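Notes to accompany the following structure.
The values are calculated or read from the model by the stated rules, or taken from the named source; none is laboratory data. These figures come from a predicted structure and were not determined experimentally. All Cβ positions, even for glycine, are placed from backbone atoms using ideal geometry, and neighbour counts span all protein chains on display. For accessibility, only protein heavy atoms count, side chains too; no ligands or nucleic acids. Shrake-Rupley method; radii C 1.70, N 1.55, O 1.52, S 1.80 Å.
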Amino acid sequence: MFPLLGAGGLFALALVVFVLLGKEFLPELDEGDLWLRVKFPVGISLEGAQPYVHRIREQLSSFPEVRVVVSQLGAPDDGTDPNGPDNCEFYIGLRARGEWRFHDKGQLIDAMAASLADLRGITTNFSQPIKDNVDEALAGVKGELAIKLYGPDVFVLEAKAREIASVLAAVRGVADLDYDHLVGQPQLQIVIDRKATARHGINVQDVQDAIEAATKGRNVTEIFEGERRFGVVVKLAHDGDPLSSLKALTVSAPSGERIPLTQLAEVIKTEGLAQILREGNLRRVGIKWNIRDRDMGSLVAEAMAKVNAAVKLPEGYQMVWSGRFEDQQRALARLYVIVPLVIFIIFILLFGTFQSVGDALLIMLNLPFAIIGGTLALFLWRSNFNISAAVGYIAVFGVSVLNGVVLVSSIRQARTEEGLSIHDAVIRACEIRFRPIVVSAIVAVIGFLPAALSQGIGAEIQRPLARVVIGGLISSTALTLLVLPALYALRTHRGRVSDAPVTS
């Protein structure tokens with residue numbers, strides 16, 4: 001009974017540890033380089049942002065780990081992304097890891113973010129070249145995780161996005177937090193006073209024509225050169241501040257006098273819409289952030305609880321959690337169907353092989369044996385449970401079931417062909433199959449060790465799978481040889497099967 005009680009205690013411990021494990025979709029693949037996106041205040045011009053871009057580039061180049069820095073301000077030359085002058089992207093090429101002062105990339109990113117902290121009014125988003133494109137393709141938002149708000153009023157969406165961002169800022173692990181700034185474009189509104197224009201006998205159209213000529217220029221005629229046609233634009237020349245020149249503009253009245261624009265219209269400085277984003281024919285604002293020094297599962301759970309408690313949406317508005325969390329939920333939903341189906345198929349195959357429900361269920365107990373080692377391996381290696389680890393569990397399930405089939409077949413063969421009692425048949429089968437089972441497990445563990453310990457580029461995906469397989473093989477092999485024979489003998493005795501030798 002001691003092996004049975006020990007296996008039961010280990011399985012209970014594994015279940016508790018599994019609940020404590022961090023959850024994520026896939027481990028972040030290290031591409032070797034960095035991709036930085038900087039957002040300037042809405043309404044900044046290309047000329048106004050250029051000095052800051054040069055300063056950021058020099059600041060990043062001062063790190064010994066950086067090999068090259070390339071920046072792109074505004075929209076790309078091919079016009080694929082509708083970015084404004086407030087958006088700047090930096091490709092940061094890094095040197096080999098052996099030349100770094102920092103232990104990992106997270107420390108380097110924190111140091112770079114701290115060096116840019118003195119630039120007020122900007123937000124930064126550190127990512128990787130391929131990862132940045134993948135995140136945008138998955139959710140339409142340039143971040144690992146995102147909340148999408150849908151509703152009719154842009155100003156309400158902006159206010160709620162700001163409210164949600166303030167709540168998320170207090171959640172541990174949230175980094176590069178930002179949202180789509182729909183409002184904030186500086187505007188100069190000129191509201192014509194129709195009573196004042198009527199008092200002077202001036203048409204509203206005349207005032208609008210004068211404003212057009214003073215600002216963007218007014219098309220008055222066209223010039224033809226062969227088949228080509230060019231517009232001729234008349235624009236009022238001005239020196240100094242454009243706003244002062246606009247206020248000094250005068251409009252001719254029918255009486256011949258010149259009336260200042262300030263007497264015919266009100267010039268107002270205000271903030272307007274910078275952009276309007278739509279998705280599914282609904283207006284949308286996105287709140288995005290990245291994860292740092294925490295697993296995605298616990299972070300999203302805490303963020304959901306705090307946001308739902310603090311933010312109340314008006315009627316007609318909807319909140320959707322998106323990004324990698326959405327992909328994780330879809331993948332887990334598929335696993336909830338695939339894993340039970342695989343287990344059921346294994347049971348049917350075992351029942352067809354042994355023609356015994358008891359033997360089939362007995363071999364199926366090797367699955368919890370594999371879960372024990374795989375879960376403890378993830379915990380001891382401080383790895384999170386993800387899709388890669390789930391694939392490792394499925395792989396080690398097959399090896400565990402195979403070991404159980406080999407051992408149970410040997411026990412049955414010893415009873416039928418050699419005519420041994422249950423006790424002797426169990427001992428005989430363990431003696432025969434001990435070496436093959438242990439050697440196959442050792443070979444597999446040694447083969448997966450390089451993948452489990454690798455630290456090179458691309459090793460993040462294979463490490464969880466290899467660690468689960470190693471831990472699962474160790475536990476399933478040991479418990480198969482210790483617990484499975486005891487369970488077989490116990491089941492046979494309780495089934496009141498004779499312990500006398502069986503002859504074929």
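In whole percent, how big is the carbon plus sulfur part of the accessible area of the chain, probe 1.4 Å, protein atoms only? It is 59 percent, rounded to a whole number. Extension gain for Glu266 to Thr221 (0.36 nm times residue separation, less C-alpha to C-alpha distance): 13.2 nm. A helix-only calculation puts the chain at -17500 deg cm²/dmol for mean residue ellipticity at 222 nm, using -39500 (n - 2.57) for each DSSP H run of at least four residues, averaged over all residues.
If R0 is 56 Å, the Cβ-Cβ spacing of Leu116 and Arg435 corresponds to a FRET efficiency of close to 0.35.
Shape of the range 102-168 from its Cα gyration tensor (a ≥ b ≥ c, root eigenvalues): rounded if a/c is under 1.5, otherwise prolate when a/b > b/c, or oblate? Note, shape of the range 102-168 comes out oblate. Each Lys and Arg contributes +1 and each Asp and Glu -1, all at the Cβ; summed about the Cα centre of the range 281-387, the dipole is approximately 560 debye.
The order of the peptides 245-254, 196-205, 473-482 by mean Cβ neighbours within 10 Å, most packed first, is 473-482, 245-254, 196-205. Comparing Cα centroids, the range 1-80 and the range 122-164 end up 15 angstrom apart.
Extension gain, Phe347 to Ala333, is 2.8 nm, computed as 0.36 nm per intervening residue step minus the present C-alpha separation.
When all protein chains stay in place and ligands, DNA and RNA are ignored, the 1.4 Å accessible-area order of Cys430, Cys88, largest first, is Cys430, Cys88. Straight-line cross-link reach from Lys142 at under 28 Å between alpha-carbon atoms covers these lysines, not counting any fewer than eight positions away in the same chain: Lys23, Lys39, Lys105, Lys131, Lys160, Lys288, Lys306, Lys312. For Lys216, the lysines whose Cα comes closer than 27 Å to its Cα, not counting residues fewer than 8 places off in the same chain, are Lys195, Lys235, Lys247, Lys269.
When Tyr150, Tyr336, Tyr91, Tyr52 are compared by accessible area of protein heavy atoms, the largest-first order is Tyr336, Tyr52, Tyr91, Tyr150, using a 1.4 Å probe.
In the context of the full protein assembly, His181 retains an accessible surface of approximately 60 Å², using a probe radius of 1.4 Å and ignoring ligands and nucleic acids. Give the separation of the Cα centroids, the range 447-478 to the range 222-301, in Å. A separation of 57 Å, based on Cα centres. Take the Cα of Asn308, step 7 Å along the line toward its Cβ, and report every residue of the range 322-345 whose backbone nitrogen sits under 15 Å from that point. Those under the cut-off are 322.
Shown is the FRET efficiency for Glu58 and Val191, computed with R0 = 51 Å from the Cβ-Cβ distance and rounded to the nearest 0.05: 0.70.
Put a dot 7 Å past the Cα of Gln72, heading toward its Cβ, do the same for Leu138, and the two dots end up 2.1 nm apart. Percent of C-alpha pairs per 20 Å bin in the chain, short distances first: 17, 34, 26, 14, 7, 2, 0. Extension gain for Ile394-Leu282 works out to 36.2 nm (0.36 nm per residue, less the C-alpha to C-alpha distance). Starting from one equal scatterer on each C-alpha and no solvent at all, send me the Debye-based log10 I(q)/I(0) for the range 196-337 at q = 0.11, 0.12, 0.14, 0.22 Å⁻¹, two decimals. These q points yield log10 I(q)/I(0) values of -0.73, -0.76, -0.84, -1.38.
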